[in-house]
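*Asks:* Mind having a look at this structure? Questions to follow.
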Amino acid sequence: MSDNMACQQPEPRPETIEVEQVLGMDMAQRVIEFNMDVPDPKPDIEQIIDVYVKGLEITKIDVISNKVIVRGDLSVKVMYVANLPKQPVHAFENKKVRWTRDIEIDGAGPNMKATADVAVEYVNYDFDVNNPRQVYITIVLKVWTRVVTTTEMDVFAFMPEEQMGEMETAGTQNMGGPGSASHYGEANVVVSGITPTAGTPMGVSGTAVVTGNKVNVRSGPGTNFPVIVQVNRGEMVTLKDQAFGWNKVVLQDGGTVGWIAGWLLSSDNMPSTFPG
């Protein structure tokens, strides 16, 4: 065998892989309004202390023609001062408040994969002293969904991998990463871990600092969205929104808007994406 033949490298052969592409993504609010009645034998209400929303979860995601239907449930707890001489504190709870929200995604079809995220945006209550056994609850949910399609692509085995931001794919690929608090089958449902209370602002605001090196800023919340630009450790960004464990931010130039993985940002103003 000649030296030329011995040193010759085999030609790389193409391999067929499946690649996910985002067909569409959108967000919609869901307003839930209902009465909660004090169960017997608990005493009447004199004053509401607070109303808590907990146990928020997504239970089912259905894709139909041009639309995604997201279903879930949550629990609501009311704490109050009882109308008794010693004014003891009592509480009662509604453990299964079901909700549904449909979101239009052009081109979506029944055989496509959809993911969803939900968070409480607002909680409030009304109490009439003339009706001391009933509280009127108002909850506003923010529901995100995105639909992905799978296509086949030929690649070469020796093709260098795309350079990505430091630890951008930590946790669940393309989804909420360490923030994943609930899963529905393979849909990788993401739910915020905070317990909202009445009168507490739930929006994402303030600033954050980039903690990774050469962090990708993408056009959407996930690694299957295109990279707009990269930012370096220590750069300050303005927080605008949150979905799937990612944060929508405005960069220091004031004009560039994109999404950064939440675990690559540090700020006291960011809601925790970890359960508990």
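*Asks:* Please verify whether residue 218 is touching a Phe, Trp or Tyr at 6+ places or on another chain (Cβ under 6 Å), basic (Lys, Arg) and at pLDDT 75 or above, treating the condition exactly as stated.
*Replies:* Criteria met by residue 218.
*Asks:* Within the stretch 65-154, considering only strands (runs of 3 or more DSSP E) that don't extend past its boundaries, which have at least 2 residues that are at pLDDT below 95 and closer than 23 Å to residue 52 by Cα?
*Replies:* 89-104, 113-126
*Asks:* Further question on the same structure: Residue pairs, Cβ under 9 Å, 6 or more apart or interchain, first in the stretch 17-41 and closer than 16 Å to residue 69 by Cβ and outside the structural domain of residue 92 (by TED's automatic domain parsing), second of a type outside the set (Phe, Trp, Tyr) and assigned to a strand (DSSP E or B). List them.
*Replies:* Partner pairs satisfying both residue conditions: none exist.
*Asks:* Can you say whether residue 54 is touching a strand residue (DSSP E or B) at 6+ places or on another chain (Cβ under 6 Å) and basic (Lys, Arg), as far as the supplied structure shows?
*Replies:* Yes, satisfied.
*Asks:* Residues of the stretch 26-41 being surrounded by 14 or more Cβ atoms within 10 Å (Cβ to Cβ) and over 30 Å from residue 107 (Cβ atoms), which ones?
*Replies:* 36, 38
*Asks:* Another question, then. For the stretch 238-260, check the following and say yes or no: at least one residue is aliphatic (A, V, I, L, M) and at pLDDT below 90.
*Replies:* no
*Asks:* Same structure again: For residues that are among the aliphatic types (A, V, I, L, M) and over 22 Å from the mean Cα position of the chain (by Cα), tally how many sit in the stretch 107-134.
*Replies:* 1
*Asks:* Suppose we filter the stretch 213-227 for residues that are more than 10 Å from residue 259 (Cα to Cα) and crowded, with 21+ Cβ neighbours inside 10 Å; how many remain?
*Replies:* 1
*Asks:* Continuing with the same structure: Taking the criterion of being touching a Phe, Trp or Tyr at 6+ places or on another chain (Cβ under 9 Å), touching a residue at least 40 places away in the same chain (Cβ under 8 Å), surrounded by 11 or more Cβ atoms within 10 Å (Cβ to Cβ) and of a type in the set (Ser, Thr, Tyr), would at least one residue in the stretch 94-114 satisfy it?
*Replies:* Checked against the condition, which is being touching a Phe, Trp or Tyr at 6+ places or on another chain (Cβ under 9 Å), touching a residue at least 40 places away in the same chain (Cβ under 8 Å), surrounded by 11 or more Cβ atoms within 10 Å (Cβ to Cβ) and of a type in the set (Ser, Thr, Tyr), the stretch 94-114 yields no hits at all.
*Asks:* Counting only residues that are over 20 Å from the mean Cα position of the chain (by Cα) and hydroxyl-bearing (Ser, Thr, Tyr), which one in the stretch 47-102 is farthest from residue 132 (Cα to Cα)?
*Replies:* That would be 65.
The values are calculated or read from the model by the stated rules, or taken from the named source; none is laboratory data. Since the structure is predicted, the reported quantities are computational estimates derived from the model, not experimental observations. All Cβ positions, even for glycine, are placed from backbone atoms using ideal geometry, and neighbour counts span all protein chains on display.
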